Structure formats: structure tokens, C-alpha cells
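The values are calculated or read from the model by the stated rules, or taken from the named source; none is laboratory data. Bear in mind that the values here come from a model prediction, so they are computed numbers and not experimental data. Note that we place each Cβ from the backbone using ideal geometry, even for glycine, and neighbour counts take in every protein chain shown. These area figures cover heavy atoms from the full protein model, side chains too; ligands, DNA and RNA do not enter into them. Shrake-Rupley method; radii C 1.70, N 1.55, O 1.52, S 1.80 Å.
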Number of protein chains: 2
Amino acid sequence: MSLFSIGELARRADVAIDTVRYYERRQLLPQPKRRASGYRQYDDEDVRRLRFIRRAKGLGFALEDIRSLLDLSLDHDHGVHGLRARAEAKLADIDARIAQLQKVRRGLRQLVADCPGSGALDHCPILAALGAKESS
Amino acid sequence: MSLFSIGELARRADVAIDTVRYYERRQLLPQPKRRASGYRQYDDEDVRRLRFIRRAKGLGFALEDIRSLLDLSLDHDHGVHGLRARAEAKLADIDARIAQLQKVRRGLRQLVADCPGSGALDHCPILAALGAKESS
DNA sequence: CTTGACTCTGGATCAAGCTCCACGGTTTAG
DNA sequence: CTAAACCGTGGAGCTTGATCCAGAGTCAAG
């Protein structure tokens with residue numbers, strides 16, 4: 001059995017059925033095959049794709065971003081127009097996110113480390129970690 | 001001059017005035033002092049706090065999360081009840097985010113690396129990077 | 001005092017991302 | 001054949017995070 005229903009897809013990828021249809025509308029998922037009755041049919045590829053979307057979303061990417069990531073990754077057998085450029089921009093964006101998260105992380109760890117007894121921190125290490133410099 | 005208006009605060013922290021009032025309503029900012037006229041008064045501490053919020057938001061934290069991070073960091077001179085636990089949970093969350101981002105990063109880098117000419121990737125490295133295992 | 005720039009409050013409105021609903025056809029187990 | 005469980009469509013509704021607006025008071029410069 002390699003084809004299954006929308007409900008099955010939703011279950012396998014752990015998202016709501018309505019969400020699947022919503023993603024289809026938003027072009028994050030391709031138009032699926034239909035059987036005579038009009039029922040949608042999916043395969044494992046769709047499950048993978050949906051899971052990818054779920055993860056990317058969890059990382060704070062907007063659906064639009066995810067769509068472009070997906071396009072990016074599936075364009076490979078077409079031209080290599082601005083592909084690299086777009087991918088590299090994404091990459092820089094991700095690096096920045098990681099760096100910022102690591103700052104927060106350090107701040108939090110310090111908070112945890114300094115607090116055990118009842119703490120002597122005179123002002124918040126988290127605020128310090130992120131609040132120090134301006135910039136965006 | 002150590003006290004200033006809401007407009008000035010907004011300018012210094014680079015957010016909209018309405019956003020400042022909105023954050024106040026949502027308890028991310030404390031109730032500010034008021035002058036006789038009812039005008040709000042702020043100081044540098046508020047600027048720092050606001051900037052912190054802006055950054056955390058940029059990392060994908062929900063306002064509610066940010067509020068709790070903030071509470072966490074300002075609770076230090078109160079009890080150390082579940083502080084550590086909360087902070088550690090946050091920390092684990094952040095570590096997970098970083099790990100996931102790094103996966104995407106690797107996938108993207110591979111995409112960039114493999115594509116230069118016109119690529120021979122038979123299926124998306126990004127999907128591979130994130131799509132492999134189940135879990136949340 | 002007048003004018004223009006600010007500020008106040010409360011509520012309406014927005015965009016994103018879902019989620020729910022009604023009404024009607026389809027499948028499938030018994 | 002029939003009931004229960006699914007699925008389809010289109011559109012309304014909800015949550016989050018802002019943003020905008022009206023009507024009215026305040027401030028600072030000239």
C-alpha cells in the first residue's frame with residue numbers, strides 16, 4: 001500500500017487534516033492526485049514534506065519562507081539561477097539565529113548556575129547576554 | 001535627563017509607540033510612572049527591557065515566553081522556587097532549537113555545495129537533513 | 001494665546017496560521 | 001442495505017501580535 005488518504009497522511013505527519021488542506025491552498029504541498037470520487041491520495045514523499053514543514057515552522061520560519069526553502073530544494077534539476085544566492089542568504093539568516101540563541105543560552109546557563117543557593121546576581125544575566133549591544 | 005516620554009522610548013528601542021503600550025497591557029513592560037498629566041515616563045532600564053523583548057521575539061519566542069523569561073530574570077531576589085526548573089526547561093528548549101537549526105544549516109550548506117555546476121543531487125539534502133527521523 | 005507636535009484611552013482592524021462548520025457525497029464493516 | 005466513519009468545498013471564526021483611529025487633553029515655541 002503506497003497511496004493513502006488525507007486522514008492517514010495527517011495522522012502520519014501528526015498535523016490536523018484541515019492543516020493539510022490549508023498547506024495545499026498555500027502551495028506548501030502540491031496538488032495531490034485524486035481518485036474518481038475526488039478524494040485526495042498521498043504517498044510517503046508527502047509525509048516527509050509535511051514533517052519538514054512542521055519542523056521548519058517550529059524553528060520560526062514563516063510559511064512563505066518554508067515554501068521558498070522547499071522550492072529551492074526541488075529546483076535542483078532545473079536551472080541554477082539564483083539558487084545558490086537564495087540558499088546562501090537563508091544560511092546567513094540561520095547562522096544569525098543560531099548565534100543569538102547561543103547568547104540566550106549562555107545567559108540562561110549563567111542564571112541557572114548562579115542561582116542554586118539563592119543567588120547573588122545583582123542584575124539579570126539574561127538581560128546582560130542580549131541587552132548589551134544595540135543593533136538588530 | 002534620565003526620564004523620558006513614550007515617544008522617546010519607542011525611538012530609542014526602535015519599536016512603534018503603539019507596541020510599547022501593547023506590551024504594557026500584555027505585562028511585558030511594567031506600569032510606568034506617570035506625570036501629573038497622565039503622560040508615561042520611562043528610563044534607560046525600560047529601553048534595555050524593550051530591546052531584550054525585540055531580540056527574543058526575533059528568535060521566535062512568543063510574548064508569553066518572553067514574559068516568563070523576564071519574570072525569571074527579575075525574580076532573583078525573591079524565592080528560588082521553581083526558578084531553576086523553569087530556567088532549565090527553557091534551556092533544553094533552546095538547545096533543541098539550536099540543534100534543529102544546525103541540521104537545516106548542514107542541509108542547506110550541502111545544497112549550496114552540491115549545486116555549483118548544476119548539481120547531481122538526486123533528492124533534496126534539506127529534506128534529508130530534517131526529514132529523516134520522526135519525533136517532534 | 002495659538003499652533004503644531006505629543007499623549008491618553010478604548011476599541012476597531014489587520015495579517016498569519018490555523019481551526020471549525022454545514023451540507024452533502026463516499027467507503028466500508030457487518 | 002445501512003450505519004459509522006471519511007472526505008469534499010467554501011467560508012466563517014479564532015489567536016497572536018500588532019497597528020490604527022477618533023475624540024480629547026497637554027506641552028513647548030513664538
For region B:1-59, just run the numbers: alpha carbon Rg, then divide by 2.2 N^0.38 Å, N being how many residues it has.
1.05
Got a number for carbon plus sulfur as a percent of region A:1-59's accessible area, 1.4 Å probe?
45 percent
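Taking each residue in B:38-50, count the Cβ atoms of any other chain within 10 Å of its Cβ, then average. What number comes out? Please list the in-between numbers first.
Values: counts 0, 0, 0, 0, 0, 0, 0, 3, 0, 2, 7, 3, 1.
Neighbouring Cβ atoms belonging to other protein chains average 1 per residue here.
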If each residue of separation counts as 0.36 nm, what is the full-extension length gain between residue B:43 and residue B:2 once their alpha-carbon separation is subtracted?
14.2 nm
Got the residue A:63 label distances to the other copies yet, label 7 Å along Cα→Cβ, in nm, shortest first?
2.2
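Let me confirm one metric for peptide B:92-101, namely the mean number of other chain beta-carbon atoms within 10 Å of its residues' beta-carbons.
Values: counts 0, 3, 7, 5, 2, 8, 8, 1, 4, 10.
If you average over the peptide's residues, the count of other-chain Cβ atoms is 5.
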Using the structure shown, list the pairs from A:90/B:103; A:90/B:90; A:103/B:33; B:33/B:90; A:33/A:57; A:103/B:57 with a Cα-Cα distance above 21 Å, or answer none.
A:90/B:90; A:103/B:33; B:33/B:90; A:33/A:57
For the interface of chains A and B, what total accessible area is buried with a 1.4 Å probe, rounded to the nearest 100 Å²?
4700 Å²
In Hz, Karplus ³J(HN,Hα) per residue of region B:41-52 (6.51, -1.76, 1.60; θ = phi - 60°; x = Gly, Pro):
10, 10, 9, 4, 4, 5, 4, 4, 4, 4, 5, 4
What whole number of Å gives the distance from the Cα centroid of region B:1-67 to the Cα centroid of region A:1-64?
40 Å
